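Following: one structure in structure tokens, then a few remarks.
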Amino acid sequence: MSLKFRMRVLIVGAHYPERGGVQLYSTYLSREFIKMGHEVEVLSYSGSSSCFGEVVHQLRTPKVKLIRGTSFIINASMWMKRKGRKFDLIIANYAKTAGAALGISSLKGIIVFHGTDIFMGRILKSIVRKSLSRGKTVSVSRYIAERVRSIFGVESTVIPGAVDRDEFLNIPERDVVRSEFGFSDEFLVLSAASLVPVKGVDLVVEVASKVDAQFAIAGDGPLRKFLEKKARKSGAKVRFLGNLDHKKLIPLMSASDVFFHMPRFEGYGLVIAEALAAGVPVVAANVGAIPEVLRRDGILVGSVEEAVQAIRELKENREKLNSFRGIARDRVLSRSWRDVAEEFLRIV
């Protein structure tokens, strides 16, 4: 297909204003396609909205676990059957839901695997496999590409996410940011994740109970009350900040002493790339694709005990702490969302 003409692009899946890795992928990909002169429409869940001028179609999706995903698959597939043929490019951004909807619609497109969407039941797997045979497959990491090959028998083009360079320039001074959030100059460990089991925030709280430092957790989810109770019982100095806009989260990353990420599974780890771009030393679980993102520019840990030891050592050894500060900033900032968009167009 020639890429010189103005394309009509449909991106299917979770979108702005939610701020997880899948949503950021959709939102910034939309922006770049628009900047390149293409028309972009997004087919998404209730509550989604436009961020950069993309046309967003909200489908009725109740906020009830399981029902939400199932209703999206049904409604999105029906919508695409009616209107999908007018698009030159369809990107199903999360295989388990958007990919399944694309499969039911019988249309051809690109299915993007992000991580937990490799885990699906027999019926969904059959639907997605048929869709994969008609179109193209993208995985956001080499780790996920290997899992997709093993489970579905198809090869993926690996297209990782990126960070928005402009968001990491002219960050306010550390003292100003800490004052705004009410944090002292004491050693500060920040974590940012959805409060769901797979993100391992309970492990962050456990580590916090064993390290003499202030911890902050940005994010929200169904486990919040449980985690707050766990923190109180353990005596951990943890503040739960709820969901933060990037304009707040990125300066807080920069003002922190350590960024700590302890998921049980991770398909890519965009939040780690963001922490590296903010210049903060990173301690993270050695799971999934995290080693691809972190490389040797942080500390990988395999247990709560190893995490406790790593954070304590960084707290007590300023020379080692400073050796990690800003170490991968240039590397991470060198990849842009424009690069991501262009890599998609190369496989169309």
- prompt: For region 15-56, how many residues meet the condition of being among the small types (Gly, Ala, Ser), surrounded by fewer than 24 Cβ atoms within 10 Å (Cβ to Cβ) and either in contact (Cβ under 8 Å) with a residue 40 or more places away in the chain or farther than 17 Å from Ala92 by Cβ (or both)?
  reply: 8
statement: The residue from Leu203, Leu195 that alone is in contact with a helix residue (DSSP H, G or I) (Cβ under 7 Å, 6 or more places away or on another chain), surrounded by 18 or more Cβ atoms within 10 Å (Cβ to Cβ), in the same structural domain as Phe226 (by TED's automatic domain parsing) and assigned to a loop (DSSP other than H, G, I, E, B) is Leu195
- request: Scan region 100-132 for residues that are farther than 23 Å from Val287 by Cβ, outside any loop (DSSP other than H, G, I, E, B) and not basic (Lys, Arg) and report the count.
  value: 15
message: Going by what's in this entry, would Arg331 be described as within 19 Å of the chain's Cα centre (by Cα), basic (Lys, Arg) and exposed (fewer than 15 other Cβ atoms within 10 Å of the Cβ)?
response: yes
query: Which condition breaks for Thr137 when tested against (1) assigned to a loop (DSSP other than H, G, I, E, B); (2) under 17 Å from Val12 (Cα atoms); (3) in contact with a strand residue (DSSP E or B) (Cβ under 7 Å, 6 or more places away or on another chain)?
result: (1)
- request: Working only within region 233-249, note down all residues that are loosely packed, with under 11 Cβ neighbours inside 10 Å and part of a helix (DSSP H, G or I).
  value: Lys233, Lys247
query: What do you reckon, is Ile171 more than 19 Å from the chain's Cα centre (by Cα) and aliphatic (A, V, I, L, M)?
result: yes
task: Scan region 1-52 for residues that are modelled with pLDDT of 95 or more, assigned to a loop (DSSP other than H, G, I, E, B) and in contact with a Cys (Cβ under 9 Å, 6 or more places away or on another chain) and jot them down.
output: His15, Tyr16
Those residues of region 288-305 which are crowded, with 19+ Cβ neighbours inside 10 Å and under 15 Å from the mean Cα position of the chain (by Cα), in sequence order: Gly288, Ala289, Ile290, Val293, Leu294
task: Looking for whichever is in contact (Cβ under 8 Å) with a residue 24 or more places away in the chain, among the β-branched types (Val, Ile, Thr), on the phi < 0 side of the Ramachandran plot and surrounded by fewer than 19 Cβ atoms within 10 Å (Cβ to Cβ) here; the options are Val258, Val308. Which one fits?
output: Val308
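The values are calculated or read from the model by the stated rules, or taken from the named source; none is laboratory data. As the structure is a prediction and not an experimental result, all values here were calculated from the model. As a convention, Cβ positions derive from the backbone with ideal geometry for all residues, glycine included, and neighbour counts pool all protein chains shown.
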